[in-house]
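What follows is a short report on a single structure.
Read-outs: derived from the displayed coordinates by stated rules, not from any lab. Quick caveat: nothing in here was measured; it's all calculated off a predicted structure. Cβ coordinates were reconstructed from backbone atoms using ideal geometry, including for glycine residues, and neighbour counts include every protein chain displayed.
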Ligand SMILES: *Cc1c(COP(=O)(O)O)cnc(C)c1O
């Protein structure tokens, strides 16, 4: 079905023309859509999540040509393999080159433990990989149309920053970001509420749930959808998920040659990050095991323990980007690992309290001089538990999902005066807020949207 042409530095996969790859819905396998449809819709009709119909492994030796190559090159190989020529080669190159123009360095911590720093993108969190790529894929879909697409997103912090940066200045797209006024950290707010241009920040006098409700209501408003061409940048979008495979591969390529398949530790909330790792493994990335590391929102570790999935309201923690009680990507994980026994073989679960997280941040700083953000620290703890319970000589790689400066208020309490704020974040702090303030009321929100 596909041909591979290899030179010393590159692996190229050439699909036959017209080979359209389909994505099926996790709630109904009969629903099969092309990449374009899946990206535009976000959620499949009936509320399922899209999954690639085929996950064939890449040909043996695919990793050989990629050692030392940048992230966007790795992305080209993975996407080409998964989606064929649904995005023409030239376009795919431009999208990835522009979106993933930063690295994911692997930092050695001794004793065959590593930290994979995923915070070298513009908003200092791993969500940059997905949000920036998705924005450019959407823009390509809308090329040649007179009406811009309007992307709606509700955020409690991190997602807003990644989405705002991802879409900022992208032609043919407007992004509207809703957030609960006064409940987002000042630093996070500065990252998405100061840009202007094609990014509109809407402060809602209410809770995060109110913001989500307003977004949902807008999507069910048929007239508004027609007029504004609404779409979502939600983390369930397949175009945000797939680019996250890149850094798992990049991590492997930075390990010493002849390493054993590593254990990847993934600090998790909605489990999009971990799901991308599972897909990379299906495509042939060597992985010994994944570790699902959570804070007290332990729905998945509990499932691994008991075989029972109990969704519940989220509880607030200091690793707040992981405060999720009913992880949206669980249905995707269950497609690949259909029951608790299957999932247990591939995924080890561990969960931690804020107290344990704070102690870990202090201990790692004291012993190694390395500053971890609270999410990364949850991962670090989980690796220690895995090692003590399961042993293993293989490399352990903790995904560091954000730069500690993003959570400066929490970090200051744990390590006062230690965390330095990077230059680009400082610049954001100096910018003036540009927002619209509305009550938590659909009529008001609709008026803002139609008046844009
Ligand atoms: C979003 C986020 C997570 C959780 O990622 P999921 O893909 O939802 O599991 C973890 N850490 C940080 C810093 C995040 O922003």
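At q = 0.29 Å⁻¹ the log10 of I(q)/I(0) for region 290-349 amounts to -1.33, computed by Debye summation with a single uniform scatterer per C-alpha, solvent ignored.
The distance from the alpha carbon centre of region 381-432 to that of region 437-452 is 37 Å, rounded to a whole number. Length, then width, then depth: along the principal axes, the Cα atoms of region 50-184 run 46, 40, 26 Å. When the label point is put 7 Å from the Cα of residue 312 along its Cα-to-beta-carbon vector, which residues of region 329-351 have a backbone N closer than 15 Å? Of the residues in region 329-351, 351 have backbone N under 15 Å from the label point off residue 312.
I'd like to compare 239-248, 207-216, 346-355: which one has the highest average count of other Cβ atoms within 10 Å, and what's the full order after that? The partial results should precede the final answer.
Values: 239-248: 25.8, 207-216: 17.9, 346-355: 19.5.
Sorting 239-248, 207-216, 346-355 by mean packing, highest first, produces 239-248, 346-355, 207-216.
Modelled spin labels at residue 260 and residue 441, positioned 7 Å past Cα toward Cβ, are 6.3 nm from each other. Which residues among region 264-301 fall inside the zone where the amide N is under 17 Å from a point 7 Å beyond the Cα of residue 107, along Cα→Cβ? Taking a point 7 Å out along Cα→Cβ of residue 107, the residues of region 264-301 whose backbone N falls under 17 Å are 265-267.
If you stretched the chain out fully between residue 28 and residue 183, how much longer would it get, using 0.36 nm times the residue separation minus the C-alpha to C-alpha distance? Provide the component values of the computation, followed by the final result.
Values: separation 155, 0.36 × 155 = 55.80 nm, distance 3.72 nm.
My answer for the length gained is 52.1 nm.
Of interest is the spacing of the C-alpha centroids, which for region 28-71 and region 312-345 amounts to 20 Å. Taking every DSSP beta bridge that has both ends in the chain, the antiparallel portion is near 30%.
Let me have the relative contact order for the chain, percent, based on Cα pairs under 8 Å that are six or more residues apart.
Details: 874 pairs, mean separation 77.1, N = 452.
The value is 17 percent.
By the beta-carbon count within 10 Å of each Cβ, the least crowded to most crowded order of 106, 429, 78, fewest first, is 429, 106, 78. For the chain, the calculated P(r), taken from all Cα-Cα distances in 10 Å bins from zero up to the bin holding the longest distance, is 4, 21, 32, 28, 12, 2, 0 percent.
When the chain is fully extended, how far beyond the present Cα-Cα distance does residue 368 get from residue 227, taking 0.36 nm per residue of separation?
On the way: separation 141, 0.36 × 141 = 50.76 nm, distance 5.56 nm.
Taking 0.36 nm per residue and subtracting the Cα distance, the gain is 45.2 nm.
Model label sites at residue 56 and residue 305, defined 7 Å from Cα along the beta-carbon direction, differ in position by 4.3 nm.
If the chain between residue 424 and residue 345 were fully stretched, how many nm would it gain, using 0.36 nm times the residue separation less the Cα-Cα distance? Don't skip to the answer; put the middle values down first.
On the way: separation 79, 0.36 × 79 = 28.44 nm, distance 4.19 nm.
Length gained between residue 424 and residue 345: 24.3 nm.
Taking a ≥ b ≥ c as the square roots of the Cα gyration tensor eigenvalues, with a/c under 1.5 meaning rounded and otherwise prolate when a/b beats b/c, else oblate, which class fits region 194-245? Since a/c stays below 1.5, the shape of region 194-245 is classed as rounded. Between residue 120 and residue 171, what is the label-to-label distance in nm when each label sits 7 Å out along the Cα-to-Cβ direction? The modelled label-to-label distance comes out at 3.0 nm.
Of interest is the spacing of the C-alpha centroids, which for region 94-147 and region 150-189 amounts to 16 Å.
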